[in-house]
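Below is one structure; the comments refer to it alone.
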Amino acid sequence: MRMMAMLAAASVLALGAVPAQADALRDAVAADLPALVELYRDLHANPELSFQEVETARKLAARARALGFTVTEGVGKTGVVAVMENGPGPVVMLRADMDGLPVVEQTGLPFASRKRAVPATGVETGVMHACGHDTHMTAWIGTAQLLAARKSEWSGTLVMILQPAEETGEGAKAMLDDGLFTRFPKPDYVLAFHDAAQAPAGFIGYTKGFALANVDSVDVVVPGVGGHGAYPHTTKDPIVIAASIVMRLQTLVSREQNPGDPAVVTVGSFQAGSKHNIIPDEARLQLTVRSYSDETRKRLLDGIARIARGEAIAAGVPEDKMPRVTVQDPYTPATFNTPAFTEQVMAGLKPRFEGRVFETQAVMGGEDFGRYYRADKANVESLIFWVGGVPQAEWARAQKGEIELPSLHSPFWAPDAPVVIATATEALTAATLKLMEKK
């Protein structure tokens, strides 16, 4: 059942109706929350782009070091690894991502970002935490504080990482390539959360199995034979060929893909030509391709190459002018939540967050968190879950059809940060304490 339907059925007032479970952990989160919100506002006002998270990493590494973690900076360029050994037991890794997006903030918050930076495109832009990574990092610090203060309650090795460049899909790979699982204790369990822009603040959503998709960016260059627009018979029009490719690509999902195995092929850019009466000698397409399994991914990518070549042949294009299909590397692999581990963690959270934990459908968004599981599928259990961030008043208005909710990556996305941070901190801490519980 879809999470949105379940949340609507639960009523927007459910969060307020559920009595807070009085315990020491929740009280500790509440006590830490004012300082955490102050940290959040600083992080929000000072975002940094992918692989530029120098100041962010520095200030958070210093906090982890002060808590007693052994901290290594510069892992995977700007990543941070903080390790706390506390006797025999499992190795649990908690991950937060650090990078902001090239988005000009329009939330109107008093601590809104006014930062500007130059991304890989070379064009200066505004920078914003439009995906909520500032809440992720703040809850990471909140969890580190609570676990460091409760060393008598757990046994094992805690590995907490701050990952760069999630938004470009490069950060997890960079940290793994830099020895994350060899230079540091390799985890038995990896945990993370992501704020959600389509769920009310304080609700927790989870998916067993595939949770997020493979994400491939594909470039298709379609050569042709240019010429005068009045004499098309003397040309091989790449615009017509590319248009045929675009239309034929729709059949990859609608006619070649099992309807029970979701996939997406979207042409996001079509560029060709410069003047009304000139047939160009080239057209360019940019695609985003989404899938879950490796088998489906390969079938889609192979199909794109086949269709591009087939349409060119049908148009009579000579062999030396066949379309060039390039799949960008690295891609973002699908995120897989190991089912038994997911059930185990959520079974522990459901009583604590009564009425606020729901199973939801997988999405076609991407998250390179999945690389940590893929690095050693036989020995690593993995889970990333959602924490709703929509302020309750906005959620209520959206259910009445009065407003449209901004999505992640929107310049208007402003989560109810205190609720997201408190919920995520408590959930991550409780789950980790259970996994590393002294026997």
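The values are calculated or read from the model by the stated rules, or taken from the named source; none is laboratory data. All values derive from a computational prediction rather than experimental measurement. Quick reminder, even Gly has a Cβ in these numbers, built from the backbone with ideal geometry, and neighbours come from all protein chains shown.
Would segment 253-261 turn up any residue that is closer than 19 Å to residue 223 by Cα and modelled with pLDDT of 95 or more?
Our first condition is that a residue be closer than 19 Å to residue 223 by Cα; within segment 253-261, this holds for none.
So far as segment 253-261 goes, no, none of its residues is closer than 19 Å to residue 223 by Cα and modelled with pLDDT of 95 or more.
Go through segment 113-127 and give me each residue that's surrounded by 17 or more Cβ atoms within 10 Å (Cβ to Cβ) and more than 22 Å from residue 162 (Cα to Cα).
Scanning segment 113-127 gives a single hit, 126.
Return the total of residues in segment 225-250 being among the polar types (S, T, N, Q) and within 18 Å of residue 268 (Cα to Cα).
2
Counting just the residues of segment 56-96 that are outside any strand (DSSP E or B) and among the charged types (D, E, K, R), which one comes out surrounded by the fewest Cβ atoms within 10 Å (Cβ to Cβ)? Full working, then the answer.
Residues of segment 56-96 that are outside any strand (DSSP E or B), as a first pass: 56-69, 76-78, 87-90.
After this cut, where a residue has to be among the charged types (D, E, K, R) as well, the list is 58-59, 63, 65, 77.
Details: 58: 12, 59: 15, 63: 16, 65: 14, 77: 18.
Step by step, filter segment 56-96, then rank; the result is 58.
Has segment 196-204 got any residue that is among the polar types (S, T, N, Q), touching a Pro at 6+ places or on another chain (Cβ under 8 Å), surrounded by 18 or more Cβ atoms within 10 Å (Cβ to Cβ) and under 30 Å from residue 134 (Cα atoms)? Don't jump to the end; show me each part of the working.
Going residue by residue through segment 196-204, those that are among the polar types (S, T, N, Q) are 198.
Imposing the further condition that a residue be touching a Pro at 6+ places or on another chain (Cβ under 8 Å) reduces the set to none.
Scanning segment 196-204 turns up no residue that is among the polar types (S, T, N, Q), touching a Pro at 6+ places or on another chain (Cβ under 8 Å), surrounded by 18 or more Cβ atoms within 10 Å (Cβ to Cβ) and under 30 Å from residue 134 (Cα atoms).
Just need a number here: residues in segment 380-428 that are part of a strand (DSSP E or B) and either within 30 Å of residue 158 (Cα to Cα) or among the basic types (Lys, Arg) (or both).
Total meeting the criteria: 9.
Go through segment 152-183 residue by residue and tally those that are closer than 17 Å to residue 425 by Cβ and either surrounded by fewer than 24 Cβ atoms within 10 Å (Cβ to Cβ) or more than 21 Å from the chain's Cα centre (by Cα) (or both).
Restricting attention to segment 152-183, the residues satisfying the condition of being closer than 17 Å to residue 425 by Cβ are 153-154, 158, 160-162.
Next cut, either surrounded by fewer than 24 Cβ atoms within 10 Å (Cβ to Cβ) or more than 21 Å from the chain's Cα centre (by Cα) (or both) only: 153-154, 158.
Residues in segment 152-183 being closer than 17 Å to residue 425 by Cβ and either surrounded by fewer than 24 Cβ atoms within 10 Å (Cβ to Cβ) or more than 21 Å from the chain's Cα centre (by Cα) (or both): 3 in total.
Restricting the search to segment 377-432, which residues are touching a strand residue (DSSP E or B) at 6+ places or on another chain (Cβ under 9 Å) and of a type in the set (Phe, Trp, Tyr)?
Hits for segment 377-432 are 385, 386, 395, 413.
Answer yes or no: is there a residue in segment 97-116 that is without any contact (Cβ under 8 Å) to a residue 40 or more places away in the chain, charged (D, E, K, R) and not in a loop (DSSP other than H, G, I, E, B).
Yes: segment 97-116 contains one or more residues that are without any contact (Cβ under 8 Å) to a residue 40 or more places away in the chain, charged (D, E, K, R) and not in a loop (DSSP other than H, G, I, E, B).
Looking at (1) more than 22 Å from residue 31 (Cα to Cα); (2) surrounded by fewer than 23 Cβ atoms within 10 Å (Cβ to Cβ), find the lone condition where residue 369 falls short.
(2)
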